[in-house]
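A.B. asks: Following this message is one structure expressed as structure tokens.
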Amino acid sequence: MVDWEDIRHFLAVAQSGTLSGAARNLKVDHATVSRRLASLEAALDVRLIDRLPRSCRLTTIGRQVFERAMEMEAGSHGVARLAKAAHAPLVGRVSLSAPPVLVTHLLAEHLARFRADYPDIRLSLSAQGRQISLSRREADVALRLVKPNEAGNVTRKVGAMAFGLYAHRCYAHLAVPESWQFIAFDQSFADMPQQQWLLGIAGGRPVACELNHISEHLIAVRAGAGVAGLPCFLGDRDRDLVRIDPAVPSFARDIWLAFTATCAKPQRYAR
């Protein structure tokens, strides 16, 4: 049977790239790391690491074992959280990571309601567009616009964020679609679905400006800078904006909830 401590030391070597680096991270000596790694290779009867003069490199089978070992590590963290949750009341700090547009324009509005329902929980909202790791405790719960795929997490679709085209009601070219100019993201967001949707609608019409956050798009369209693709829950409630060209192709981003299997089922706070 494979020893978990051997796997833990193998993970440290794979992640640090050297035996000495793994030793420092684990706070053990170099010989212990080398012995644990040799023990795992002997138990599996395969070479997992090529030991180079100044580094260690995973073999082909080593990379495959590394992926499985990462899943095992996530599972071990889940066992620890499960035991902790069995004794923990609904008190303390809960961190929720979500895209900036949801934190700024939706979730923050419901903090008072959440506090009234759960007075002993301090909710920490973090506006993050990047993927985060729940198994490494970068957050307790996450909302994402792309389905998370981290091992050991529970994921479910909780809604969809529809988009529409909006302009200021006094926009100079409002009644002349061929003269519309568009507010878009820059080239670093070329693969983002709403960018592709917007540029497909724009066709050969010009992009007036590039901004990299939806909140900035909202400010720009309010200022009359052009036509923007905004989440409908933002555009529809702004009295200075009008939704234009209802014949454009419909578009929406799915909203995914992710939490570890040891978390209680979160209550949905959305309108």
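A.B. asks: Of everything in the range 210-243 that's over 13 Å from A167 (Cβ atoms) and in contact with an Asp or Glu (Cβ under 9 Å, 6 or more places away or on another chain), which residue is modelled with the lowest pLDDT? Steps first, answer last, please.
C.D. replies: If we filter the range 210-243 for residues that are over 13 Å from A167 (Cβ atoms), which is where we start, we get 210-216, 219, 231-234, 236-237, 239.
So of that shortlist, the ones also in contact with an Asp or Glu (Cβ under 9 Å, 6 or more places away or on another chain) come out as 210-212.
Details: E210: 96, L211: 95, N212: 91.
Only one residue tops the list, namely N212.
A.B. asks: Just to be sure, is R8 modelled with pLDDT of 90 or more, exposed (fewer than 15 other Cβ atoms within 10 Å of the Cβ) and either in a helix (DSSP H, G or I) or at positive phi (or both)? Talk me through it step by step, then tell me what you get.
C.D. replies: Working: modelled with pLDDT of 90 or more: yes; exposed (fewer than 15 other Cβ atoms within 10 Å of the Cβ): no; either in a helix (DSSP H, G or I) or at positive phi (or both): yes.
Judged against the criteria, R8 is not a match.
A.B. asks: Considering the range 189-217 alone, what residues qualify as being in contact (Cβ under 8 Å) with a residue 40 or more places away in the chain and either part of a helix (DSSP H, G or I) or surrounded by fewer than 14 Cβ atoms within 10 Å (Cβ to Cβ) (or both)? Even if it seems obvious, please write down each step before you answer.
C.D. replies: Here is the first cut: in the range 189-217, the ones in contact (Cβ under 8 Å) with a residue 40 or more places away in the chain are 193-194, 197, 200-201, 213-215.
Matches in the range 189-217: P193, Q194, W197, G200, I201, I214, S215.
A.B. asks: What is the residue count in the range 214-259 for residues that are among the small types (G, A, S), out of contact with any Ser or Thr (no Cβ under 9 Å at 6 or more places or on another chain) and over 16 Å from F182 (Cα atoms)?
C.D. replies: The initial filter retains those residues of the range 214-259 that are among the small types (G, A, S), namely 215, 220, 223-226, 228-229, 235, 247, 250, 252, 258.
If we keep only those that are out of contact with any Ser or Thr (no Cβ under 9 Å at 6 or more places or on another chain) as well, we get 220, 223-226, 228-229, 235, 247, 250, 252.
With over 16 Å from F182 (Cα atoms) added as a condition, the list becomes 247, 250, 252.
So the answer is 3.
A.B. asks: Same structure again: Is the range 114-131 home to any residue that is open to solvent by less than 30 Å² (accessible area, probe 1.4 Å), without any contact (Cβ under 8 Å) to a residue 40 or more places away in the chain and part of a strand (DSSP E or B)? Before you say what the answer is, go through the steps one by one.
C.D. replies: As a first pass, look at the range 114-131 and keep what is open to solvent by less than 30 Å² (accessible area, probe 1.4 Å): 121.
Of the ones still in play, those that are also without any contact (Cβ under 8 Å) to a residue 40 or more places away in the chain are 121.
Applying the additional criterion that residues be part of a strand (DSSP E or B) yields 121.
Yes, the range 114-131 contains at least one residue that is open to solvent by less than 30 Å² (accessible area, probe 1.4 Å), without any contact (Cβ under 8 Å) to a residue 40 or more places away in the chain and part of a strand (DSSP E or B).
A.B. asks: Within the range 60-104, how many residues are modelled with pLDDT of 90 or more and open to solvent by less than 30 Å² (accessible area, probe 1.4 Å)?
C.D. replies: Selection size over the range 60-104: 9.
A.B. asks: When V46 is evaluated against the numbered criteria (1) loosely packed, with under 15 Cβ neighbours inside 10 Å; (2) not in a loop (DSSP other than H, G, I, E, B), which criterion, by number, is the only one it fails?
C.D. replies: The one condition V46 does not meet is (2).
A.B. asks: As an exercise: evaluate S34 against (1) part of a loop (DSSP other than H, G, I, E, B); (2) surrounded by 14 or more Cβ atoms within 10 Å (Cβ to Cβ) and give the number of the one condition it does not meet.
C.D. replies: (1) is the only condition that S34 fails.
A.B. asks: If you go through the range 49-71 one residue at a time, how many are in contact with a strand residue (DSSP E or B) (Cβ under 9 Å, 6 or more places away or on another chain) and part of a loop (DSSP other than H, G, I, E, B)?
C.D. replies: Qualifying residue count for the region: 1.
A.B. asks: Also, I was wondering about something else. So which residues in the range 22-49 are under 35 Å from the mean Cα position of the chain (by Cα) and over 17 Å from A69 (Cβ atoms), if there are any at all?
C.D. replies: The answer is A23, R24, K27, V28.
A.B. asks: Filter the range 11-31 down to the residues that are surrounded by 14 or more Cβ atoms within 10 Å (Cβ to Cβ) and closer than 20 Å to M72 by Cβ and list them by number.
C.D. replies: Within the range 11-31, L11, A12, V13, A14, S16, A22, N25, L26, V28 meet the criteria.
A.B. asks: Step by step: first the residues of the range 138-169, then only those that are free of Cβ contacts under 8 Å to residues at least 60 places away in the same chain and of a type outside the set (D, E), then the one that is surrounded by the fewest Cβ atoms within 10 Å (Cβ to Cβ). Which residue is that?
C.D. replies: Quick first cut of the range 138-169, residues free of Cβ contacts under 8 Å to residues at least 60 places away in the same chain only: 138-139, 149.
Checking which are of a type outside the set (D, E) leaves us with 139, 149.
Numbers: A139: 21, N149: 9.
The qualifying residue surrounded by the fewest Cβ atoms within 10 Å (Cβ to Cβ) is N149.
A.B. asks: Given (1) in contact (Cβ under 8 Å) with a residue 60 or more places away in the chain; (2) over 15 Å from L257 (Cα atoms), where does E109 come up short, assuming only one miss?
C.D. replies: (1)
A.B. asks: Take P246 and tell me if it is in contact with a Phe, Trp or Tyr (Cβ under 7 Å, 6 or more places away or on another chain), modelled with pLDDT under 95 and either charged (D, E, K, R) or part of a loop (DSSP other than H, G, I, E, B) (or both). It would help to see each step written out before you state the result.
C.D. replies: Values: in contact with a Phe, Trp or Tyr (Cβ under 7 Å, 6 or more places away or on another chain): no; modelled with pLDDT under 95: yes; either charged (D, E, K, R) or part of a loop (DSSP other than H, G, I, E, B) (or both): yes.
No.
A.B. asks: Any residue at all in the range 147-156 that is within 30 Å of I183 (Cα to Cα), hydroxyl-bearing (S, T, Y) and within 13 Å of the chain's Cα centre (by Cα)?
C.D. replies: Kept after step one, since they are within 30 Å of I183 (Cα to Cα), are these residues of the range 147-156: 147-148.
The next check asks that each one be hydroxyl-bearing (S, T, Y); those that pass are none.
No - not one qualifying residue is present in the range 147-156.
The values are calculated or read from the model by the stated rules, or taken from the named source; none is laboratory data. What you see is a predicted model; the values in this text were computed from it and never measured. Every residue, glycine among them, receives a Cβ derived from its backbone with ideal geometry; neighbour counts consider all protein chains shown. Ligands, DNA and RNA are excluded from the accessible area calculation, which covers all protein heavy atoms including side chains. Shrake-Rupley method; radii C 1.70, N 1.55, O 1.52, S 1.80 Å.
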